[in-house]
1. Do you know which residues across the stretch 231-262 are free of Cβ contacts under 8 Å to residues at least 40 places away in the same chain and either under 22 Å from the mean Cα position of the chain (by Cα) or farther than 23 Å from R202 by Cβ (or both)?
2. Is it fair to say D104 is surrounded by 15 or more Cβ atoms within 10 Å (Cβ to Cβ), touching a Lys or Arg at 6+ places or on another chain (Cβ under 7 Å) and among the charged types (D, E, K, R)?
3. Are any of the residues in the stretch 150-170 among the polar types (S, T, N, Q), surrounded by fewer than 15 Cβ atoms within 10 Å (Cβ to Cβ) and free of Cβ contacts under 8 Å to residues at least 60 places away in the same chain?
4. Scan L60, L93, L80 and give me the residue that is under 26 Å from P198 (Cα atoms) and not acidic (D, E).
5. Consider only pairs whose beta carbons are under 7 Å apart and that are at least six residues apart or on different chains; among these, list those whose first residue lies in the stretch 104-126 and is free of Cβ contacts under 8 Å to residues at least 40 places away in the same chain and whose second residue is surrounded by fewer than 23 Cβ atoms within 10 Å (Cβ to Cβ) and assigned to a strand (DSSP E or B).
6. Residues of the stretch 171-181 being in a loop (DSSP other than H, G, I, E, B) and either in contact (Cβ under 8 Å) with a residue 40 or more places away in the chain or crowded, with 18+ Cβ neighbours inside 10 Å (or both), which ones?
Amino acid sequence: MSTDRDAPRPASSFGTAAVAYAEHRPDYAAAAVRWTLRVAPGPRVLDLGAGTGKLTAALLDPAVVPGAEVVAVEPDPAMLAELRRGLPGVRALAGSAESIPLPDGSVDAVLAGNALHWFDLAVAGPEIARVLVPGGVLAGLWNLLDDDVAWVDGLAGASGAAAVGPRDTPTAWRRATADLLPPAGDAWSGRAERAEFPHGQRRTADSLVATLATRAGVLVMPEPERAATTRRIRAYLAGRQETAHGEFTLPMRTGVLRTRRT
């Protein structure tokens, strides 16, 4: 008999859908990645909580970040295996934000793609500061559904909070991440810089349903509830002119929250 104790926790649920995550989750706006690293003191970048390598791939693209020296760290074995399969040339290590397998002062920037909110910053803040050089950058990047677009706003309502959650639209993201960065102290400046960049992803109704199915809130649902959520999303997309037939662009933004190590 299963109990609540047996149910997967959202932060550790993604490995159950690692292949789907790699296939369906979006990349990050190139302009957002460039802005994030514009003030980094050097080329060495850690993608922390790297998942299947969505952000890692952007960091390795010389058209996005010329000359970056990239290492990826990911705690989930299934996600890490998918990262290594998709990006076989990258240095990819098992580890977590709370226990980073790198030496002191070994990177110039630490980036986290849709992951910073999962970190225990009471532990991870000092650990990230340890591996950063003085003046180094810590930044979180999130892909957000642009609910200024009417049909996307309707999708957020139809999907429910599990599929489109408290950091998945711009206004909700600004509110949910207001106090997310490590506070000012011996290691951190306490200055938070925030920016948003237009982005988009080519989708069909089927692939958008598959994308939303990789959200943590959906992954931990009991199967009957997950099936009902999927049916509700499909019905909404089938009823919208923008999404009922063939491919369309899902309007998005990439949001960035950035601070510096003192």
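Coordinate-derived values only; no laboratory data. Predicted model only: the values in this text are computed from it and were never measured. So basically every Cβ, Gly included, is an ideal-geometry build from the backbone, and we count neighbours across all protein chains shown.
1. Of everything in the stretch 231-262, just one residue is free of Cβ contacts under 8 Å to residues at least 40 places away in the same chain and either under 22 Å from the mean Cα position of the chain (by Cα) or farther than 23 Å from R202 by Cβ (or both), namely R231.
2. No, not satisfied.
3. Checking the stretch 150-170: not a single residue is among the polar types (S, T, N, Q), surrounded by fewer than 15 Cβ atoms within 10 Å (Cβ to Cβ) and free of Cβ contacts under 8 Å to residues at least 60 places away in the same chain.
4. Exactly one of L60, L93, L80 is under 26 Å from P198 (Cα atoms) and not acidic (D, E), namely L60.
5. G105/V133
6. T177, L180, L181
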